[in-house]
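These notes concern the structure reproduced below.
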Amino acid sequence: MPLGYVMALVLIGAGSALFVVGLLMVRQEVRERAENLKTFLKTGVAPVTLAPASNTLKAPSRQPAEILHFHGPRTPQVDAAHALRRAYYGARVRSAAA
């Protein structure tokens, strides 16, 4: 049997196995939600559930950080410096995105 057919069969088998595992996980989640709802309806107290696990290996967000500035008295010099800072930072972000 040519290698391509063997690879296709392996990929189909792996996909089918993952599909079955996904279905089992969905069924388990539905059972847990039903149990939580039953508990809530009987007692009136929502059961404590853990937050979903987050992936800590995710890449950091590409959104620029918000820079907080002290808002002192408004003078023309402060306004000009703020405008220059905004213009420079905006140009730097645009050039980095290109």
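Quick notes on this one:
- A probe of 1.4 angstrom, applied to the heavy atoms of all protein chains, finds Met7 with accessible area near 110 square angstrom.
- For Val6, the solvent-accessible surface computed with a 1.4 Å probe is close to 60 Å², ligands and nucleic acids excluded.
- Integer Hz, Karplus 6.51/-1.76/1.60 couplings in order for segment 19-31, x for Gly and Pro: 5, 5, 4, x, 5, 5, 5, 5, 4, 4, 5, 5, 4
- Estimated FRET transfer efficiency (Val20, Thr43; beta-carbon r; R0 41 Å; 0.05): 0.70
- Using heavy atoms of the protein chains and a probe of 1.4 Å, the accessible area assigned to Phe40 is about 90 Å².
The values are calculated or read from the model by the stated rules, or taken from the named source; none is laboratory data. Since this is a predicted model, take the numbers as computed values, not measurements. Glycine gets a Cβ as well: all are built from the backbone with ideal geometry, and neighbour counts include every protein chain shown. Please note that ligands, DNA and RNA were not included when accessible areas were found on the heavy atoms of the full protein model with its side chains. Shrake-Rupley method; radii C 1.70, N 1.55, O 1.52, S 1.80 Å.
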